[in-house]
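Please read the structure below before turning to the comments.
The values are calculated or read from the model by the stated rules, or taken from the named source; none is laboratory data. Quantities reported herein were computed from a predicted structural model and do not represent experimental measurements. Here the Cβ is made from the backbone with ideal geometry for all residues, glycine too, and neighbour counts use every protein chain on show. Surface accessibility is based on the protein's heavy atoms, side chains included, excluding ligands, DNA and RNA. Shrake-Rupley method; radii C 1.70, N 1.55, O 1.52, S 1.80 Å.
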Amino acid sequence: MEQPNTVAAPLPAAPPSDSPEARRYNRIRRWLGIADAIIGFLLLVIVLMTGWTGTLRDWSYHFGGQRYFLAVFLYVLMFSVIMKVLSAPLDYFGFRLEHRYNLSNQKMRSWLWDELKGWLVGLVMGGIFVELIYAIIRIAPQRWWIVAWAVFVGLFLLIVQLAPVVLFPLFYKFEPLNNDSLRDRLTRLGERAGTRVRGVYEWKLSEKSKKANAALMGIGRTRRIILADTLLQNYTEDEIEAVLAHELGHHVRRHIVKGILMQVGITFFGFWLTNEVLRYALAHDWFPALDPRLYDFANLPLIILVATVLGFLLMPALNALSRRHEREADLYAWESIPAIGPFVSAMQKLADQNLAERTPSRFVEWFFESHPSIYKRIAAAEAWAQSRQQAS
Ligand SMILES: [Zn+2]
């Protein structure tokens, strides 16, 4: 169904305004994200313009005993260390920010350990992927981008499947939901929809955060709904049921599969574009430090740069798709639960607990937000309930 909430009754004249605290917190967080992206962008541009990428490549060959694939790994290693060092101050500022707004339970040691694990996971996954890309370039220099795209799709599916059982447990503990009445409610919700979500897990978020959250993740056997313990502790069963119904809506409407298909299409274009830009830049000698042969891995920053810029330009479109999925899941939830009251109160509680902006500016919502604003979600729910009443 196309945007069910566009038939909504007019919104109340004056939407509630957010507290200065919520405004400031969210503004700082956005600027942190922007600053982080700018640092990454500048690093890529600078190593290409100055030719430092060539120096890094020469060091890699030197320390790697002239062995190509070892040199590729050393290059990725050095690059990721430099990137981490540059972004570490911002990461630390982000950690302090959560504490300053009383949203975090995480100790410094635990945070440092998470940072290290996150960096290692990125290094391993990035390292494997970059090795594969350059192996493919050496084997099939003409059509490398199609093969690399196919390999990427395979790895991406593997990661989506393994993330709930391998990646997320590196950072959080999960336990099967130990609450019979909630499990019954979910089973009943699923039966109505002729579907079944095998797993519901309690996500031990409270060790690290005071925020609450829930999500649907995984594909196939690893498909599951996760509910933060912070949500289970502070919300009524009716409110939790509303959240469960929303997550079930994502499952029934196949949003994860749709998101994957979208990624698959975008990356096909992305790899094609990368190849074109790479060849053009090499043919016109934009960056003298790069060898004209494609397998010179000193051109890696250029590949990442194309991907980064493309990702940035597509952000509004991807967020629009995500917000559409959220609206669909909300509609599914309203139709599944006896009354929208618990949905509305769960939204209010979530906004307070997570210090979310209920009414972000139009631009902020359009560009940055993967979810419609809380204000819009509540207004849409109320309008839907009203139109239901009038129809009956
Ligand atoms: Zn959702």
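What to note about this one:
Every residue, every condition in (1) within 23 Å of Pro301 (Cβ to Cβ); (2) in contact with a Gly (Cβ under 7 Å, 6 or more places away or on another chain); (3) not basic (Lys, Arg), yes or no:
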site: Arg100; (1), (2), (3): no, no, no
site: Asn105; (1), (2), (3): no, no, yes
site: Leu112; (1), (2), (3): no, no, yes
site: Trp119; (1), (2), (3): yes, no, yes
site: Leu123; (1), (2), (3): yes, no, yes
site: Gly126; (1), (2), (3): yes, no, yes
site: Phe129; (1), (2), (3): yes, no, yes
site: Tyr134; (1), (2), (3): yes, no, yes
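- Phe271 meets all of the listed conditions (1) part of a helix (DSSP H, G or I); (2) without any contact (Cβ under 8 Å) to a residue 40 or more places away in the chain but one, namely (2).
- Unmet requirement for Arg196, which otherwise passes all of (1) open to solvent by 70 Å² or more (accessible area, probe 1.4 Å); (2) within 16 Å of the ligand (Cβ to nearest atom); (3) not polar (S, T, N, Q): (2)
- Checking Arg324, Arg293 one by one, the residue that is within 16 Å of the ligand (Cβ to nearest atom) and either open to solvent by 60 Å² or more (accessible area, probe 1.4 Å) or not in a helix (DSSP H, G or I) (or both) is Arg324 and no other.
- Unique match (being closer than 26 Å to Gln348 by Cα and either surrounded by 16 or more Cβ atoms within 10 Å (Cβ to Cβ) or modelled with pLDDT under 90 (or both)) among Glu191, Glu237, Glu207, Glu202: Glu202
- Unmet requirement for Pro89, which otherwise passes all of (1) under 30 Å from Gln353 (Cα atoms); (2) part of a helix (DSSP H, G or I); (3) open to solvent by less than 50 Å² (accessible area, probe 1.4 Å): (3)
- For Arg279: the one exception among (1) open to solvent by 40 Å² or more (accessible area, probe 1.4 Å); (2) outside any helix (DSSP H, G or I): (2)
- Residues in the stretch 173-188 that are outside any strand (DSSP E or B) and open to solvent by 60 Å² or more (accessible area, probe 1.4 Å) were compared, and the one that is nearest to Phe129 (Cα to Cα) is Lys173.
- Lone unmet requirement of (1) within 16 Å of the ligand (Cβ to nearest atom); (2) closer than 30 Å to Phe79 by Cβ for Ala333: (2)
- Applying a threshold of 6 Å to beta carbon distances and a minimum spacing of six or more residues, or different chains, the list of pairs starting in the stretch 83-102 at a residue that is acidic (Asp, Glu) and ending at one that is surrounded by 15 or more Cβ atoms within 10 Å (Cβ to Cβ) reads Glu98/Ser104.
- Criterion applied to Gly265, Gly311 was being small (Gly, Ala, Ser) and closer than 23 Å to Gly40 by Cβ, and the one residue passing it is Gly311.
- Flag if Leu261 is part of a strand (DSSP E or B) and more than 12 Å from the ligand (Cβ to nearest atom): no
- Filter pass, Arg358 being basic (Lys, Arg) and crowded, with 20+ Cβ neighbours inside 10 Å: yes
- Where Glu239 falls short, out of the listed (1) within 18 Å of Phe174 (Cα to Cα); (2) assigned to a helix (DSSP H, G or I); (3) within 16 Å of the ligand (Cβ to nearest atom): (1)
- Those residues of the stretch 340-355 which are part of a loop (DSSP other than H, G, I, E, B) and open to solvent by less than 30 Å² (accessible area, probe 1.4 Å), in sequence order: Ile340, Leu355
- Conditions (1) more than 16 Å from the ligand (Cβ to nearest atom); (2) open to solvent by 50 Å² or more (accessible area, probe 1.4 Å); (3) of a type in the set (A, V, I, L, M); (4) in a helix (DSSP H, G or I): number failed by Ala385: (2)
- Selection from the stretch 365-379 of residues that are in contact with a helix residue (DSSP H, G or I) (Cβ under 7 Å, 6 or more places away or on another chain) and assigned to a helix (DSSP H, G or I): Trp366, Phe367, Phe368, Ile374, Arg377, Ile378
For every residue, the table says whether it meets (1) of a type in the set (Phe, Trp, Tyr); (2) open to solvent by 60 Å² or more (accessible area, probe 1.4 Å).
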site: Leu70; (1), (2): no, yes
site: Phe79; (1), (2): yes, no
site: Ile82; (1), (2): no, yes
site: Lys117; (1), (2): no, no
site: Val121; (1), (2): no, no
site: Ala135; (1), (2): no, no
site: Ala150; (1), (2): no, no
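- Considering residues of the stretch 210-234 that are within 16 Å of the ligand (Cβ to nearest atom), assigned to a loop (DSSP other than H, G, I, E, B) and at pLDDT 95 or above only, the residue surrounded by the most Cβ atoms within 10 Å (Cβ to Cβ): Ala212
- Applying the condition of being open to solvent by 90 Å² or more (accessible area, probe 1.4 Å) and without any contact (Cβ under 8 Å) to a residue 60 or more places away in the chain to the stretch 16-37 and asking which residue is farthest from Ser87 (Cα to Cα) yields Pro20.
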